[in-house]
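To start, the structure itself, in structure tokens.
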Amino acid sequence: MDTNGEHPLRRLRDSLNMSIDDLAANSGVSARTILRAEQGKALYPGSRKLLCQYFKRSPEELGLLPSWRSQKRASASDQVLLSGVDDMRRRELLRVLSLAGSALLFSVDWEQVGNTLAHPAHLDAKSLQYLEEVNQHYWQAYRAAAQKSAILNDVLSHLNALAQALRDVQSASQRQHLCILASDLAQLCGEIFFDASLYMDAAQCYTFAANAAREANAYDLWACALVRHAFLPIYDRHFQEALPLLQVAGQIAKRGDGTLVTKYWVAMVSAEAHAGLGALDDCRQALDLAEGVRDVKRGMNGTWLRFDGERILEERGTCLVKLGQADLAEPALQEALLLHPAPTRRRGMVLSDLALAAAMHGEIERACALGSEVIQIAQLGSSGMLKKSLSQLQMQLSPFVRSSSVKDFSTQIQLLV
């Protein structure tokens, strides 16, 4: 984009007195894609190539390169600008800059990906591998991003392209592979919507993901889609509605890969649902089963299945808080907090549970102090999950509304954008 804020493609189109529909008809690129390009959104290589061929210009001249490809290292003057930012924001900013730098080294052949999606009938093993690498890239970006919704448009565009390829592919084995890729990415879309508290959108993503995994006979992937769907009623405190989904997920996981941790994740989330219902014995039984994850080596894939032994502590603490057993919850949560020194969403969730435990003990000032740290983390990325946890803490503190600490805390929540 040039210095006056007008996108180079838009400027060139206007100079030729062309409407978006005119350009779409002449170039073979859809009007919607052209509009996305002029808004600075990334394009698939095939669309970029058509526009470059039509105008006989380079991608740079048309402003069509993905923004992460044109990232530059921060100059010395840029570093000076950081001096007025608080330490937490500086750490997050440096982490994001590191992510941008690593993206420059990402080795996916984007031209190959674009051609693959444009010609799904000619898929081969190498092309499918490229598509899988794109999915992995988006999961990595999601985990590193403070604001999860920042990658949503690109993820949705890629998911839409996979869905279109599914309609045109002819080979049964290739269709199975595309179903797996589509289910994988749909679960990522669901997580982004879930983090933004857009639960209906998340539910649609998880339903699609479950159906696609079922068609592919990808049992672990299918079970994980159902577990993610079960989180929706859990976070709305409709714990009873989550249990049927989790029971089905458990049965499906038994048909999956025994070397993966799927069944242990099902058990962990089931424990949280039982805890919400106050079912102590059922919760303990599920927690004991989930502990088996500690004995599994390399049982995750880093994308749609990321449950490991580190999560046991924080999840156990969450369950104990839900059961009202603050004394037992606190040691587990304190230990879990040491595993998350950076201001991430996971640290924020552990802090939220610690604050609830403190409030249960009547330690109001400590609960408010912990809640204030959660607010600082939420300000970094606008996480809907953290905001919901803050609302629950505020409700727990409502009997102490006259306290100056609670008043200040409530004011901070009101100012949280």
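Read-outs throughout are calculated quantities, based only on the coordinates presented, and are distinct from any laboratory measurement. Please read all numbers here as calculations on a predicted model, not as lab measurements. So basically every Cβ, Gly included, is an ideal-geometry build from the backbone, and we count neighbours across all protein chains shown.
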(message) Counting just the Cα atoms, what span does the stretch 108-217 cover along each of its three principal axes? Round to the nearest Å and put the largest first.
(response) 39, 28, 18
(request) Could you pull out the trypsin sites (Lys or Arg not before Pro) across the stretch 292-335 that fall in loop regions by DSSP (anything but H, G, I, E, B) with no more than 12 other Cβ atoms inside 10 Å? (result) LYS297, ARG298
(message) Once each part is reduced to its C-alpha centroid, what is the distance from the stretch 356-417 to the stretch 6-35 in angstrom?
(response) 49 Å
(request) For the pairs LYS297/LYS387; LYS254/LYS388; LYS254/LYS387; LYS263/LYS322; LYS148/LYS254, note any where the Cα-Cα span goes beyond 28 Å. (result) LYS297/LYS387; LYS254/LYS388; LYS254/LYS387; LYS148/LYS254
(message) With a cut-off of 8 Å between alpha carbons and a minimum separation of six or more residues, what is the relative contact order of the stretch 219-308 in percent?
(response) 29 percent
(request) With a cut-off of at most 14 other beta carbons within 10 Å, and DSSP calling the residue loop, which trypsin sites (Lys or Arg not before Pro) in the stretch 212-248 qualify? Please list them. (result) ARG237
(message) Taking the square root of 5 times each eigenvalue of the Cα gyration tensor, what semi-axes in Å does the equivalent ellipsoid of the stretch 325-417 have, largest first?
(response) 19, 18, 9
(request) Kindly put GLU215, GLU272 in sequence by how many other C-beta atoms sit within 10 Å of each C-beta, fewest to most. (result) GLU215, GLU272
(request) Order by neighbour count: CYS319, CYS283, fewest other Cβ atoms within 10 Å first, most last. (result) CYS283, CYS319
(message) From Cα pairs below 8 angstrom and at least 6 apart in sequence, can you work out the relative contact order of the stretch 199-249, rounded to a whole percent?
(response) 32 percent
